[in-house]
Every structure is written in structure tokens, then in C-alpha cells.
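The values are calculated or read from the model by the stated rules, or taken from the named source; none is laboratory data. What you see is a predicted model; the values in this text were computed from it and never measured. Ideal geometry is used to build each Cβ from the backbone, glycine not excepted, and the neighbour counts take in all protein chains shown.
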Amino acid sequence: MTATTDGSTGAPGPLAASASRPHDPAATGTAAGAGGAPAVLEAAERAAARSTAHLLALQDDQGWWKGDLETNVTMDAEDLLLRQFLGISDARITEASARHIRNEQREDGAWATFYGGPGELSATIEAYVALRLAGDAPDAPHMARASAWARAHGGIAASRVFTRIWLALFGWWKWDDLPDLPPEMMYFPKWFPLSIYNFGCWARQTIVPLTVVSAHRPVRPAPFALDELHADARNPSPPKAFAPAVSWEGLFQRLDRVVHAYRKVAPRRVRGAAMRAAAQWIVERQENDGCWGGIQPPAVYSVIALHLLGYDLDHPVMRAGLESLDRFAVWREDGSRMIEACQSPVWDTCLATIALADAGLPPDHPALVKAADWMLDEEIGKSGDWAVRRPGLAPGGWAFEFHNDNYPDIDDTAEVVLALRRVAHPDPQRMEAAIGRGVRWVLGMQSKNGAWGAFDADNTSKFPNRLPFCDFGEVIDPPSSDVTGHVVEMLAVEGRSHDPRTRRGIDWLIAEQEPCGAWFGRWGVNYVYGTGSVVPALTAAGLPLGHPAIRRAVSWLESVQNEDGGWGEDLRSYREHGRPGRGESTASQTAWALLALLAAGEREGKAVERGVAWLAETQREDGSWDEPYFTGTGFPWDFSINYHLYRQVFPLTALGRYVHGEPFAAGREGA
């Protein structure tokens, strides 16, 4: 029997009265009443003051914040490969990108996909090829180490499909030895298991242009051979054994054979019409800044697809697309150039606003008002692909990026509402209207199981992940604990704790708790992030602090606290059992643990004091924190992110709540 919100198995218990109306942020507690050891409290106050000054200095004149979004060198390698494919290589860009790629190489010759991680074959192959394009000789010591490592780990044949697609563009791999993606997928009805709308939005935006590339199978003359990257140059593409026909893997392997056979007999009119439908779909989703969804990979593949369909480089769509790609570049002081997979200004701005407000900045402070103005201007007012499953739902909400009107996301919308509620805006009617639209949209995006995914409702089909093509990471968007937690917290602040839809979300979260007491983190690393997202939501919605789910979470967090007082979690926890909550202490993960413990009423506990002391002791003189570790997640394990602003906003939020108390805390049951 599923436990309900008061820990019983019968009728739900009473929820907090705080949900009737949001508490005024200006009325939160002060340091004098916050509790905690005096020395730790003083250190927290000093650290929060320095951090506030540092974060304010990072705000753009327009009101937004944006930290670098660091991923791995495949972004940089594919940018150079795209330029080579289109014939637009630039010597300055090539050398700057090559410098960044060289800087990221490990001593053993490989490249990892996150700081301190193991070498990864596809990243190593793509980085190696990019450096060959930049002129690095194959017998140079760093290149010889890289190719030797790649051969030892299976060579090109063992790399991911996406890597082999890039190599096929130059004849370094055979198209016949790749899974096929027919553009006729555009005709699959929305209810069909492999409809493009059963893929997550990030995968959908990539799959559609790749159907065009797969149909055309282009090959540009390769400037050099890559024999040194094959484990066996005499047999570079050994045949793969078929899995049993009764298994899903075996079924889809055989389905891919059928698709390859269909390619030879596909009616030209049908295929041509399908590619035109794909082109129209792509063009209709180009953003005002020329990009697609604010994400670099779909933009790259969309440019290639349209070019293959006859769009020349001077076509307005192509010109805008190529110009948008330059905006993903971060130029460093050493002359290197790093490509961001995405940019996160809306996410960074709402998190910065929450941090500054919770640290005691007055709600009418000019920086907060300016941030609120910018966020209000970013509200999305038109329907997107999410409407395929919710055709009657009015638009609203916010996206992640500067320009992305097609894919608002539920996580950003929840956090933006929480941020706006902390600001005393001079035009309250405008703000109330935007918040109302966002809340209605989020409620309409609830999945059948009572929880929320990031971009779509009920995007849970298991079939897309089974395709041989989809070996690059998560391609569906099922509900997750962290997103659902943020939504529940937002709904509680909006006075909707008693709403049946909120209650369904709460019950889903309680049922999703791991036996150890933690929650899985889909969009952040990992159980520390999930737990730091869920516990504040449950207590905000009125779950008693003594509820078994809250106490189990507290016990788990205390059990994984590091000896130095901080918390950390390595990305390997996504793959290896027995590693949840284990890793070197980081500023962002320590803050997530503290946010959960503070929400659970543990302000005066030793674990909180030690965590706060760790943040104060590791802070730099300028008010910032160092954090080379990747604590953000794109695809669990497969694609990791270092959000450079996480190390600033989350510690400040935790310190602020330690010093001033929980926001919106008045009337919380048991608080």
C-alpha cells in the first residue's frame, strides 16, 4: 500500500496552512533567531555577504546571469568537422579549438567526458580526428598515445553511432555499416511507438535532420586516412553477432536489416516527399536567433540536412544557423575556444535571483527587479511540440536558453515562478498574469502517474531507446524526482498544497524514494541532487518534519557526509551500485545537502554546522568557489555538465537559508 502525505496508509493528513498564500520574503527570520553555533553563524554571514557581492557583479546590464556550460571535447571536434564538411574552415578557429582539445587530453592519451572521469572511446576518436584536421601529425607523442589508447579499446568499430556517422561523412566509415534512419519516420502517426514525438525533444530535434543525412549518405573527400584508429586495419568493420530473436535487441537488429533493405526499393516520390516534410519541420522550428532549440547538436545536424537538401550557405536560414553556432563559443584568455552544448541564462537567472533573495537582498532591490523584468520578457507565448500531447493547453512558462520558443521546460518554469515570488515588482499585475499562465501550463503538463518530466507529458515509451541508432544517451523524457520536486515546491508556494494534482505528485515522490532514503537525480549528480530537490518540496507542501520519508532522507545525508564536512558525489553513481553520495566534496553538492537538511528542520544539527563551515572555509577571497567537478547531468553518465554558476548560486542559497531561515516558512507544519 502506498504511503500518503502524512505517513499513514489511510486518508491523507492535514497539510500546512502556509499554502494558503505565499509568505512575504521580507518577513523571513534574521540571524539572531536562526540558531547555530555563533562562530559558524558569523562565518556564514561573512561568506554570504562576499558571495552576494560576487554574484551581483556577474549580472548582465540587461538583468540576466549566465555561467559557462562545460561539457566535453566532442562539441569542439564536431564543430571543426562541420566546418570541414561545409568547406568553411577557419585557421584561427581551428587552432583555438585544437588548443582547447589538447588541454583536455589525459596523460594516457585519451579524453574523458567529465573531470576526473575515465577515458571514453568516442570522445577520444573525435578529438583525435579534430587534431588531425588542425595539422597535428599522427606520430606526434600526444597523438600516438591517443591512437594507441583507441586501438586498445576497440578502435572505430567500437565507438558510438554518432561518432561513426561523422566519420562516414568523410568516407572513414561505410554508411552500410550504420543503422538506418528513414525519413519516412515523419509519416508515423503520433500514437505509433516510433513516432518522432515519442522521442525526448532533444533527441527529436536531432533525429529528424539525421533522417535526411541517412537518406543522402554524403561523402566528402577525406584529407587523410585513419588506419591508425582501427583495432584491425585489415578488418575495420567486423560483423556484429545477432542477439536472440526473442530479445528486444535482437528484434530491433532485425528491424534495422529490414529498413536497410527498404532503402533499395523505397519509392522516390515517397522518399522525396518525406525529406521535404523533414525540411519543413526543421525550418519551422528554427529560433529567432537562427538556432534550433538553443542546443548546439540539433543546430549542427539541421545545418547539414538543409545543405544536403539544396539550401546554399547564403540562404537566410543557413546563414542564420551558421551565425548562431558562433554564439556557442567561449574564448578563453589563453587563446583557446570551447564550444558550449547549450546556454542556460533563464535557469541561471532564476537560480541567482532565488539565491540573492534568500541571502537577504531586499525584494525591491534593483538587481532583483531587473532580473524579474528580464525573466518576464522571456515568457513563452506560443505552442510547441509539447502541444502534441496537450492540444488544448494554453501556452505559458519559460525555456532554458536565450531563444527557444518551441521548447519551454517544466523545471525552468517552476523555478522562475519561485524566483518571481521573491521579488517586489513595480508591476504586480503583469507578474501575477505571467505566473498564472506558467502555473496553469505546468499543471497541464502533469503525466498520468502524477509526476512531471522536463519537456513533455507522458514521454515514456521504451521503444526509442531500443533502436540500434540510439546509443548516445537517454532519448526519452520520463518524469523525474528532481523536476517533480521543484514543481511541488512551486505549487505549495502558490497555495496549491491541497490541490489533488499536487497531492498526486507528493505521493509519487514518496513512492520513488530509494531504500537508502535518497532520491535519484535525473538532471543533477545524482542522489544528493535528487534529495536536495525533493525534501524542500515535501516540507514546503506540509509534510511533517517527522514523516518517515523526511527522517530517512536526513539519515542518509548524514551517513554520506564527508570527513571534511562537505558532500560530493561522483558521476559513477549512475553506473556503479554502492556509490550513491560518494565523492570529493563540492560547493554545489554540499549546498544541495544543506538545503535538504535545513528544510527538514536540522539547522542546529552537527551535520549542518559542519557543512556550513566547509562552505565558509573553502570560499575564495572574491566570494566565489572553485569546482572542477561536473555536477550537472544531460544524460545520466553519458553526457555530463559543469554549470559554472552552480558553484556560486547554490552555496549562497544554502548560506542564506542558514542565516535567515527558510523562505515561505511561516505556518509550515512542524517547522
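Annotations for the structure displayed:
Let's see how each residue does on (1) at pLDDT 95 or above; (2) crowded, with 18+ Cβ neighbours inside 10 Å:
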position	(1), (2)
298	no, yes
350	yes, yes
355	yes, yes
364	yes, no
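- Taken together, the residues in the stretch 366-392 that are surrounded by fewer than 16 Cβ atoms within 10 Å (Cβ to Cβ) and farther than 30 Å from residue 461 by Cα amount to 2.
- Those helices (runs of 4 or more DSSP H) of the stretch 197-287 in which at least 3 residues are within 33 Å of the chain's Cα centre (by Cα) and surrounded by fewer than 15 Cβ atoms within 10 Å (Cβ to Cβ), considering only elements entirely within it, cover 248-265, 268-284.
- Among the residues of the stretch 447-467, those identified as crowded, with 21+ Cβ neighbours inside 10 Å, under 19 Å from residue 385 (Cβ atoms) and touching a Pro at 6+ places or on another chain (Cβ under 7 Å) are 447, 452, 453, 459.
- Enumeration of residues in the stretch 407-441 that are in contact with a Leu (Cβ under 6 Å, 6 or more places away or on another chain) and among the small types (Gly, Ala, Ser): 434
- Residues within the stretch 173-201 that are more than 29 Å from residue 226 (Cβ to Cβ) and of a type outside the set (A, V, I, L, M), tallied: 14
- Complete set of residues in the stretch 306-332 that are more than 21 Å from residue 285 (Cβ to Cβ) and surrounded by 13 or more Cβ atoms within 10 Å (Cβ to Cβ): 329, 330, 332
- Of all the numbered requirements in (1) free of Cβ contacts under 8 Å to residues at least 40 places away in the same chain; (2) farther than 19 Å from residue 632 by Cα, residue 118 misses one, and that requirement is (2).
- Exactly one residue among 294, 335 is surrounded by fewer than 23 Cβ atoms within 10 Å (Cβ to Cβ), at positive phi and out of contact with any Leu (no Cβ under 9 Å at 6 or more places or on another chain), and that residue is 335.
- Those residues of the stretch 429-477 which are outside any loop (DSSP other than H, G, I, E, B) and under 22 Å from residue 574 (Cβ atoms), in sequence order: 459, 464, 465, 466, 477
- Look at the stretch 62-91: where a residue is over 30 Å from residue 52 (Cα atoms) and not assigned by TED's automatic domain parsing to the domain that holds residue 524 and a partner is assigned to a helix (DSSP H, G or I) and of a type in the set (Lys, Arg), sitting 6+ places away or on another chain with Cβ atoms under 7 Å, you get 89/83; 90/83.
- Some residue of the stretch 153-162 being without any contact (Cβ under 8 Å) to a residue 60 or more places away in the chain, surrounded by 18 or more Cβ atoms within 10 Å (Cβ to Cβ), over 27 Å from residue 463 (Cα atoms) and not aliphatic (A, V, I, L, M): no
- When each of 566, 583, 578 is tested for being over 15 Å from residue 530 (Cβ atoms) and touching a residue at least 40 places away in the same chain (Cβ under 8 Å), the lone residue that passes is 566.
- Considering residues of the stretch 587-629 that are of a type in the set (Asp, Glu) and outside any helix (DSSP H, G or I) only, the residue nearest to residue 531 (Cα to Cα): 602
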